[in-house]
Amino acid sequence: MNNEPIIGRFAPTPSGRMHLGNVFAALMSWLSPKSQNGGWILRMEDLDTLRTKDEYAQLLREDLLWLGLDWDEETPPQSTRSTVYDRYFQQLRDMDLLYPCYCTRSQLHNVNAPHLSDGTYVYAGTCRNLTEAERSAKTRAPSWRVRVPDRDYGFTDLVQGPYRENLVTECGDFVVRRADGVYVYQLAVTVDDGEAGVTEVCRGWDLMGSAPRQMYLQDLFGFRHPRYAHIPMLMAPEGRRLSKRDQDLDMGALRNRLKPEQLIGVLAHAAGLTETAQPISAKELATVFDWGKLQGREIVVTELNELR
Ligand code: GLU
């Protein structure tokens, strides 16, 4: 039995007002550590400075507090940490695991490249073994890729169960720094979670395929693997995925109509944590929280009308 406190985190991208799916991810990531006297860290993932805004980050904080989801610490936003990421990038370079990639977007998405079922491609290794002379003949700025080992990375997700992926056949060498110098999500998230001592990563099921890449980087940087909980996506009763496009379900609209307990009650019931959608506070819900009650890739919000 492991008695270490759970350190969870919520790592939103402040590119708009929180919508119902973000609220659900925030709530689940908070409930698990808080049901066991653990800690919860907030971190703004604002690497994409063209899409993210400080005012959205501020609204996010206000919305979380309104929901009763208080954080123990907010770690610095990713946009301020490029010198930290530089150090980890250099570590990978010193290990001789990085190489520049000059492929254009259209080369990467070439029909001949093997594609995975989700539409992403497996990098064919085009620039893996270029000679120095071939590299210096290139005129475009390169992105940087990390070489992956031919092995599986597997884990037992707290919600989805066992998952494994071979990094060579199902991913290929992946980009850690873009041609414009911006570090990519996989590197930043690994460094940030690792440095903050995060022990449990809870996020949407759509990000499950990122975990093996992050586990590989954790090994290289000497961080421990966290536990993973990839939570289901929220669906409308008619079977459609709820998304940012449902503007009547963003926090601006929801806060005008509801009390936090009403919103949490509907989500808790949809998740299978409670028998009914009765209003409940986040604190009370923490007393009955159990990952074992959540399952699947999709959950239907049957009481959606109560939110509209
Ligand atoms: N920033 C990502 C998002 O807002 C979440 C990444 C993560 O939790 O690892 O969807």
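The values are calculated or read from the model by the stated rules, or taken from the named source; none is laboratory data. Only a predicted model underlies this, so the values are computations on that prediction, with no experimental measurement involved. Neighbour counts run over all protein chains shown; Cβ positions are idealised from the backbone, glycine included. SASA here: full protein model, heavy atoms, side chains in, ligands and nucleic acids out. Shrake-Rupley method; radii C 1.70, N 1.55, O 1.52, S 1.80 Å.
Please compute the modelled spin-label separation between ALA253 and ARG51, points set 7 Å along Cα→Cβ, answer in nm with one decimal.
With each label placed 7 Å out from Cα toward Cβ, I get 2.1 nm.
Given an 8 Å cut-off on Cα distances and at least 6 residues of separation, report the relative contact order of segment 191-308 as a percent.
That works out to 27 percent.
For segment 244-308 and segment 133-190, write down the distance between their C-alpha centroids in whole Å.
Cα centroid to Cα centroid, the span is 35 Å.
I'd like the accessible area for PHE223, computed on protein heavy atoms only with a 1.4 Å probe and all protein chains in place. Round to 10 Å², please.
In the full protein context, PHE223 sits at about 40 Å².
Each residue of segment 18-31 in turn: what ³J(HN,Hα) in whole Hz from Karplus with 6.51, -1.76, 1.60 and θ = phi - 60°, glycine and Pro shown as x?
Karplus values, whole Hz, x for Gly and Pro: 4, 10, 4, x, 5, 4, 4, 5, 4, 4, 5, 5, 7, 4.
Considering only the other residues whose Cβ falls under 9 Å of the Cβ of PHE155, what net charge follows from Lys and Arg at +1 and Asp and Glu at -1? Before the final figure, lay out each step's value.
Details: positive: ARG164, ARG227; negative: ASP157.
The answer is +1.
Can you give the accessible area of ARG240 in Å² (nearest 10), computed on protein heavy atoms with a 1.4 Å probe?
In the full protein context, ARG240 sits at about 90 Å².
Could you list, by residue number, the cysteines of the chain that have no other cysteine's beta carbon within less than 4.7 Å of their beta carbon?
Within the chain, the cysteines lacking a partner Cβ under 4.7 Å are CYS103, CYS171, CYS202.
How large is ³J(HN,Hα), in whole Hz, for each residue of segment 191-201 in order, when computed from phi with the Karplus curve 6.51 cos²θ - 1.76 cosθ + 1.60 and θ = phi - 60°, using x for Gly and Pro?
Here the 3J(HN,Hα) series is 5, 5, 5, x, 5, 7, x, 5, 10, 9, 9 Hz.
Between ARG105, ARG17, ARG87, find the one with the highest GNM mean-square fluctuation for the chain; connect C-alpha pairs within less than 10 Å.
ARG105
Straight-line reach only, C-alpha to C-alpha below 19 angstrom: list the lysines that LYS244 could link to, leaving out same-chain residues fewer than 8 apart.
Output for LYS244: LYS53.
If Lys and Arg each add +1 and Asp and Glu each add -1, what is the summed charge of the other residues whose beta carbon sits under 10 Å from the beta carbon of TYR99?
Net local charge, TYR99 excluded: +3.
Below 16 Å, Cα to Cα, which lysines can LYS259 reach? Residues fewer than 8 away in the same chain don't count.
Once the sequence-local lysines are set aside, what remains near LYS259 is LYS283.
Report the extension gain between ASN3 and GLN36 in nm, rounded to one decimal, defined as 0.36 nm multiplied by the number of residues separating them, less their alpha carbon distance.
That pair, ASN3 and GLN36, stretches by 10.9 nm at full extension.
Counting alpha carbon pairs within less than 8 Å and at least 6 residues apart, what relative contact order, in whole percent, applies to the chain?
20
Taking DSSP loops as anything outside H, G, I, E and B, show the longest stretch in the chain free of GluC sites (Glu not before Pro) there with at most 13 other beta carbons within 10 Å.
Within the chain, the longest run free of exposed GluC sites (Glu not before Pro) spans 1-237.
Tell me, what is the percent relative contact order of segment 14-60, built from C-alpha pairs under 8 Å that lie six or more residues apart? Don't skip to the answer; put the middle values down first.
Numbers: 28 pairs, mean separation 29.9, N = 47.
The value is 64 percent.
From largest accessible area down, sort LEU207, LEU98; use a 1.4 Å probe on the protein chains.
LEU207, LEU98
Roughly speaking, what % of Cα-Cα pairs in the chain are separated by over 26 Å, rounded to a whole number?
49
Excluding ARG240 itself, what net charge comes from residues whose Cβ is under 12 Å from its Cβ, given Lys and Arg +1 and Asp and Glu -1?
It works out to a net charge of -1.
Sequence-distant or interchain residues sharing an amide H contact under 5 Å with ARG177, placed H: which?
When sequence neighbours closer than 5 places are left aside, the close amide H contacts are TRP144, VAL184.
GNM on the chain, C-alpha springs below 10 Å: top fluctuator among TRP40, TRP71, TRP30?
It is TRP71.
Stick to Cα atoms and the Kirkwood definition of Rh, then tell me Rg/Rh for segment 39-168.
1.05
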